[in-house]
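Here's the structure we're looking at; comments come further down.
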Amino acid sequence: MTKPIVEICELTKVFPTTEGDEKRAVDGISFSVEPGQIFGLLGPNGAGKTTTLRMISGLLTPTSGTMHLNGHDVRARRLEAKRSLGYLTASTGLYQRLTPRELLHYFGELIGLDKPAIKKRLEELVEWLDMASFVDLRCGGLSTGQKQRTNIARALMGDPPILVMDEPTLGLDVLTNRVVLDFIRAEGAKGKAIILSTHYLDEAEALCHQYGLIHEGRLVGRGDLAALQEKAGRRRLSEIFLALCGQDEHVLAGVPEGGSNRALGMEYPKEGGRS
């Protein structure tokens, strides 16, 4: 059995509220991810997905629990852990006055690469992500898809063994969406451990080997699709989620095959939609 490269144990985050009490945004989450495995962290808006990913990435300090990335404790050895991880979201900002080439060179220096290594890696990523037409334009003038390709390249500059991806295809056109999905598959096939959060359940079913279904800060289901289907007695991920949360079945009434569940904030594409 392969040793997990990501190990999350009893991860908890509590925020104070304006009323003086506390909100438990993440409540005792545990899971692990092996090299080459794509783990889908799925749930509705406000379930705790982004908070979890930000803690794993070292952007938020957990209230309690442990996180180990590539053998490094994220809390005790944050810098070493961060060097093992690439973090990609749909909302990651870019330095508007820099070009993608300048930005990637800058991030290469930040992670400790020398100039020959930066040049070689930058050329590889520009070719792979088809960035040649805009790599020397200022980031402020790029399209959404071009910005996301630049963000992908930024996350991969150090060729990290772990990738954390929070809604990486949100708002993308169909062509850039395909580039991102192909990138995720290719990185998984190369042996990287990937944690993916997405509202598009067709993408999750096509990409992920394991799932964690999160609701109100807790994992209500964990395992591969077959195990979750057996546990819930349902076929589709949205139906599995509702069953494991104990929601009334009438919530799904009238949702057509290939439709969506707006109550969950999750969706499947209509015929001819996202790919």
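The values are calculated or read from the model by the stated rules, or taken from the named source; none is laboratory data. Nothing here was measured: the structure is a model prediction, and the numbers come from that model. Note that each Cβ is placed from the backbone with ideal geometry, even for glycine, and that neighbours are counted across all protein chains shown. We work out accessible area using only protein heavy atoms, side chains counted, and drop any ligands, DNA or RNA first. Shrake-Rupley method; radii C 1.70, N 1.55, O 1.52, S 1.80 Å.
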Practice problem: Within the stretch 132-216, list the trypsin sites (Lys or Arg not before Pro) lying in a DSSP loop whose Cβ has at most 12 other Cβ atoms in a 10 Å radius. | Solution: 190
Quiz item: With a ≥ b ≥ c the root eigenvalues of the C-alpha gyration tensor of the stretch 21-157, is it rounded (a/c under 1.5), prolate (a/b larger than b/c) or oblate?
Solution: prolate
Exercise. Note down the accessible area of residue 95, probe 1.4 Å, to the nearest 10 Å².
Key: 120
Practice problem: Please figure out what share of the DSSP beta bridges in the chain is antiparallel and state it in percent, rounded to the nearest 5. | Solution: 55
Practice problem: Calculate one ³J(HN,Hα) per residue across the stretch 3-10 by plugging θ = phi - 60° into the Karplus curve 6.51 cos²θ - 1.76 cosθ + 1.60, and present them in order as whole Hz with x for glycine and proline. | Solution: 6, x, 9, 10, 10, 10, 10, 6
Quiz item: Each residue of the stretch 190-202 in order: what ³J(HN,Hα) in whole Hz does its phi give by Karplus 6.51 cos²θ - 1.76 cosθ + 1.60, θ = phi - 60°, with x for Gly and Pro?
Solution: 7, x, 7, 8, 10, 10, 10, 10, 8, 8, 8, 6, 5
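Run lengths n ≥ 4 of DSSP H only: what is the helix-derived mean residue ellipticity at 222 nm for the chain, with -39500 (n - 2.57) per run over all residues, to the nearest 500? It would help to have the intermediate numbers written out before the result.
Values: 9 runs with 92 residues, N = 275.
Here the helix-only value at 222 nm equals -10000 deg cm²/dmol.
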Quiz item: Thinking of the stretch 166-243 as a set of Cα atoms, what percent of all their pairs are more than 17 Å apart?
Solution: 48
Quiz prompt | Diffusion constant of the stretch 60-102 at 20 °C, which comes from Stokes-Einstein with the Kirkwood Cα-pair radius and 1.002 mPa s, µm²/s | solution = 169
Self-check item: Sequence of 218, 236, 101 from largest to smallest accessible area, 1.4 Å probe
Solution: 218, 101, 236
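Just need the relative contact order of the stretch 81-160 here, percent rounded to a whole number, with Cα pairs under 8 Å and 6+ apart. Spell out each step's value before the answer.
Values: 81 pairs, mean separation 38.5, N = 80.
The normalised contact order for the stretch 81-160 reaches 48 percent.
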Quiz item: Roughly how many whole Å is it from the C-alpha centroid of the stretch 93-164 to that of the stretch 215-248?
Solution: 38
Quiz item: Hey, what's the per residue convex hull volume over the C-alpha atoms of the chain, in cubic angstrom?
Solution: 148
Quiz prompt | Dipole of the chain, positive direction: furthest Cα of 139, 240, 38, with charges on the beta-carbon | solution = 139
Self-check item: Given 16 as the ceiling on other Cβ atoms within 10 Å, longest exposed-site-free region of the chain for GluC sites (Glu not before Pro) in DSSP loops
Solution: 20-215
Quiz item: Given +1 on the Cβ of Lys and Arg, -1 on the Cβ of Asp and Glu, and no further charges, what dipole in debye does the chain carry about its Cα centre, rounded to the nearest 20?
Solution: 700
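What are the semi-axes of the equivalent ellipsoid for the stretch 120-230, taken as the square roots of 5 times the Cα gyration tensor eigenvalues, largest first, in whole Å? It would help to have the intermediate numbers written out before the result.
Working: eigenvalues 170, 47, 28 Å².
They are 29, 15, 12 Å, listed largest first.
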Exercise. Please list, in chain and number order, the residues 5+ apart from residue 215 or on another chain whose amide H is under 5 Å from its amide H, with Hs placed from the backbone.
Key: 220
